[in-house]
Amino acid sequence: MRILVLLTAGALALSSPAFAAGPTEGAPPPYDGDLMRLAEILGALHYLRPLCGVTSEGQRWRTEMQALIDTEQPSDARRAKIISSFNRGYSSYAEVYRACTPAARVAVERQLDEGSRLAHDIVVRYGGN
């Protein structure tokens, strides 16, 4: 998934109006909904993976989120929206899971699958010229 997230970030940077002119206000890009969902998934993984014993990743999912933000170079308002999506993903699972259960493991797999699919779809649809 890391490679797809980085490809997504790079493709978005190259195709985004922000790449040419810096952050601007206005209509969100066409991939905005998918990007917000991807941010939410990264937040969920940031909570769930360590809960289920994957300690070797450290801050991986937060770092992935930061890479998306750095590449996207959003306006302050849009940046806050992206961060809010990440935090919503984190907190929604923190409210439900206090220990790694079989359901939490299924949630991790679903988040990984959906995140990979979203990252791939964003690159394919909006990835460049």
For GLN66, placing the label point 7 angstrom along Cα-to-beta-carbon and taking the range 34-55, residues whose amide nitrogen sits under 18 Å are 39-40, 42-47, 50
Here the net charge surrounding CYS100, from other residues whose Cβ is less than 13 Å away from its Cβ (Lys, Arg +1; Asp, Glu -1), is +2
Note: SER75 to ARG37 extended length (0.36 nm per residue) minus current alpha-carbon separation gives 11.9 nm
ASP113 and ARG98 label points (each 7 Å along its Cα→Cβ direction) are spaced in nm at 2.9 nm
At R0 = 22 Å the Cβ-Cβ FRET efficiency linking ILE83 and CYS52, nearest 0.05, sits at 0.40
Karplus ³J(HN,Hα) for the range 60-66 (6.51 cos²θ - 1.76 cosθ + 1.60, θ = phi - 60°; Hz, whole; x = Gly/Pro) runs 3, 6, 5, 5, 4, 5, 5
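Values quoted throughout were computed directly from the atomic coordinates according to the rules given, and no laboratory measurement underlies them. Keep in mind it's a predicted model, so treat the numbers as computed, not measured. Methodologically, a virtual Cβ is constructed for each residue, glycine included, from the backbone with ideal geometry; neighbour enumeration extends over all protein chains shown.
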